[in-house]
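Written below as structure tokens is the structure these notes are about.
The values are calculated or read from the model by the stated rules, or taken from the named source; none is laboratory data. Small disclaimer: the values here were computed from a predicted structure and weren't measured. When we count neighbours, we look across all protein chains shown, and the Cβ atoms used for this are built from the backbone with ideal geometry, even at glycine. Note: accessible area is taken over every heavy atom of the protein model, side chains too, but ligands, DNA and RNA are not part of it. Shrake-Rupley method; radii C 1.70, N 1.55, O 1.52, S 1.80 Å.
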Amino acid sequence: MAHGHRVGTALRRLVDEGVLTEAQRDAVAAEVAAEEAAARPSPGKLVAEVAAYAGAGLLLGGLVLFLEASWGDLAQASRVAILAAVAIGLALGGIALAGRASLFRSPVPTARTRLAAVLFALAAAALAGAVGAGIDDSGSDEAWVLAVCAGLVAAVLGYVALPSVVGMLACAGFAVPVVGGVLGTLLELDELWVGLGFFALGMVWFGLTRAGAFVEFWAGYAIAIALALLGAQWVDFEGRGVSAGLTVLVAIACFALYATHRSPVLVIGGAGRSRSPSPRRCPSGPRGWARPVSF
């Protein structure tokens, strides 16, 4: 309703300025209403989309159970081949669902494109597993870092091919272990530098969102806030001055961006930082970088 009111107000202003005639205004308003009605899913379409997600989930769940039961009996080459085949199949399924004409542009979101975006994200995860199994089947630190790097590349390609919120989440989901793995595992830096890396990732995400690199501003800002706060809370050592200072910087960034871009997420992210929870230290993961954030 608010969007329709803003469109109507803008069209009326153009008519008053002589840019559009009344007939042109009515034609534009009718086209906008038709596009919004076409993009609005009916109850039947929603049920069908939920059923499609449920069916895909059951199929993948069955595949995971099968692989788990027989994984120990498979040779390394077989594991890589299976995961690579799954990744290729998921990617081809996403392309078939979305249609080649919808790739590498900004199509109107539909049930098919949303499901295709999910398949692209799952393909990135399968590719990461294939790379990890191919490099080192024993699960060494270096293997999983390179695996998530491959997953991040695939997730970015999937998002560029079909922009979606799911694609954004996939990119963020891989970016976090990439930053943590490179800094904490490969470079063997302490948790201060890992936290600063997460914080820098959040700041970069703020900039990319403001520049229009993501399909949804609200989701981009929400992810940026989460990443920056992850870094701020990760910096948990003797005294919390640095952690508190980074948290304040997140709030400042939110309010500064809100001055030029009125997104409610920025208000929530900025105002909510005044009562951020106290971080608690938990047992470390591989080489000290995988520490959970606050509770």
Exercise. Short version: ³J(HN,Hα) in whole Hz for each residue of segment 78-91, in order, from phi by Karplus 6.51 cos²θ - 1.76 cosθ + 1.60 (θ = phi - 60°), x for Gly and Pro, what are they?
Worked result: 5, 5, 4, 5, 5, 5, 5, 5, 4, 4, 5, x, 5, 5
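Round to the nearest 0.05 the FRET efficiency obtained for E22 and R100 when R0 = 51 Å and r is the Cβ-Cβ distance. Please report the intermediate quantities before stating the final value.
On the way: r = 41 Å, r/R0 = 0.80.
According to the calculation, E is roughly 0.80.
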Exercise. Quick one: how many Å² of I88 are accessible to a 1.4 Å probe, rounded to 10?
Worked result: 100
For this session: Could you list the trypsin sites (Lys or Arg not before Pro) in segment 61-152 that lie in coil according to DSSP, counting only those with at most 12 other Cβ atoms within 10 Å of their Cβ?
Result: R105
Seminar exercise, completed: Taking only the alpha carbons of segment 78-188, the radius of gyration and the largest Cα-Cα distance, Dmax, both in angstrom, are 14.5, 45
Exercise. Applying the Karplus parametrisation 6.51 cos²θ - 1.76 cosθ + 1.60 with θ = phi - 60° to the phi angles of segment 196-211, what ³J(HN,Hα) value in whole Hz is obtained for each residue in order, glycine and proline being reported as x?
Worked result: 5, x, 5, 5, 5, 4, x, 5, 4, 5, 4, x, 5, 5, 5, 7
For this session: Give the long-range amide H neighbours of L189: residues separated by 5 or more places, or on another chain, with amide H under 5 Å away, using H modelled in the peptide plane at 1.01 Å from N.
Result: G184
Problem set entry | Using θ = phi - 60° and Karplus 6.51 cos²θ - 1.76 cosθ + 1.60, couplings along segment 244-260 (whole Hz; Gly, Pro as x) | 5, x, 5, 5, 5, 4, 4, 5, 4, 4, 4, 5, 5, 5, 5, 5, 10
For this session: Could you pull the accessible area for W205 with a 1.4 Å probe, rounded to 10 Å²?
Result: 20
Exercise. Amide H to amide H, which residues 5 or more places from L20 or on other chains are under 5 Å from it, using H placed in the peptide plane?
Worked result: V15
